[in-house]
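For reference, the structure is listed below as structure tokens.
Values quoted throughout were computed directly from the atomic coordinates according to the rules given, and no laboratory measurement underlies them. As the structure is a computational prediction, the values presented were derived from the model and not from experiment. Virtual Cβ from ideal backbone geometry, glycine too; neighbours counted across all protein chains shown.
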């Protein structure tokens, strides 16, 4: 059985998400987004890079 958190979750916890959200708001990154926002795209790309 799985106990605890996944490694990806542990790594993402160390990133400054407040800075990421501030920059998305500053540059209006989610302006024309309907479903798949900047944070979702970032998490998918980070997972793809880490998983190879």
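Suppose the filter is assigned to a loop (DSSP other than H, G, I, E, B) and within 15 Å of the chain's Cα centre (by Cα); does residue 2 pass it?
On the way: assigned to a loop (DSSP other than H, G, I, E, B): yes; within 15 Å of the chain's Cα centre (by Cα): no.
No: the conditions fail for residue 2.
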Taking the range 14-30 and keeping only residues that are surrounded by 11 or more Cβ atoms within 10 Å (Cβ to Cβ) and either in a helix (DSSP H, G or I) or touching a strand residue (DSSP E or B) at 6+ places or on another chain (Cβ under 7 Å) (or both), one is left with 17, 20, 21, 22, 23, 24, 25
Within the range 31-52, the count of residues that are in a helix (DSSP H, G or I) and exposed (fewer than 10 other Cβ atoms within 10 Å of the Cβ) comes to 3
